[in-house]
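For reference, the structure discussed in these notes is given below.
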Amino acid sequence: MTRTPARANPPLGVEPPARSLQPVAGIRCEIERGPNWLFVRIAPGSALPTTPADAEHWCEALWSVCKRHFVYRLVLEMEAVDAVSAPADAALAWLGEQLRTRGGSLKLCGMTDACLRRWDDSHSNLRAHGTRRDAVLSTDSHESVLLKAP
């Protein structure tokens with residue numbers, strides 16, 4: 001009889017994050033589920049949608065991912081994104097509203113300087129944060145700083 005080695009278990013109450021690389025409405029994303037948060041990292045070489053229909057489809061797919069995981073706090077990690085179009089910004093505002101109706105929130109982080117310079121925030125109150133940690137720890141109060149290049 002052979003014995004299987006015991007797996008190292010994480011400390012009680014701590015779950016190791018589950019990660020997967022998958023397309024979300026045609027955009028390659030790495031999805032990581034942590035306690036109380038979903039982290040979606042846009043994969044290098046992927047571009048956000050530029051048409052209203054594609055942007056809406058993408059955000060509806062992100063909304064479906066949140067519902068499937070029963071997690072309504074979402075951080076979009078956007079290091080690989082060159083620009084956020086007005087349609088994508090409007091669709092993200094819609095997604096943020098859907099998450100807020102469930103007691104959650106949408107946070108953006110890791111935007112490059114080039115992306116921040118091109119970002120059109122006229123359709124939303126979305127805040128961009130430097131890191132994932134900053135996004136998770138931030139509040140949506142007046143203390144949050146809108147990161148925009150001058």
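Per-residue extension of 0.36 nm, minus the Cα-Cα distance of LYS67 and ALA114, leaves a gain of 13.7 nm for this segment. Would you please classify the overall shape of the stretch 33-73 from the alpha carbon gyration tensor, given that a ≥ b ≥ c denote the square roots of the eigenvalues, rounded means a/c under 1.5, and beyond that prolate means a/b larger than b/c while oblate covers the rest? Oblate, because a/c is 1.5 or more while a/b does not exceed b/c.
No value in this document is a laboratory result; all are computed from the given coordinates. Remember, predicted model here, so these are calculated numbers, not experimental data.
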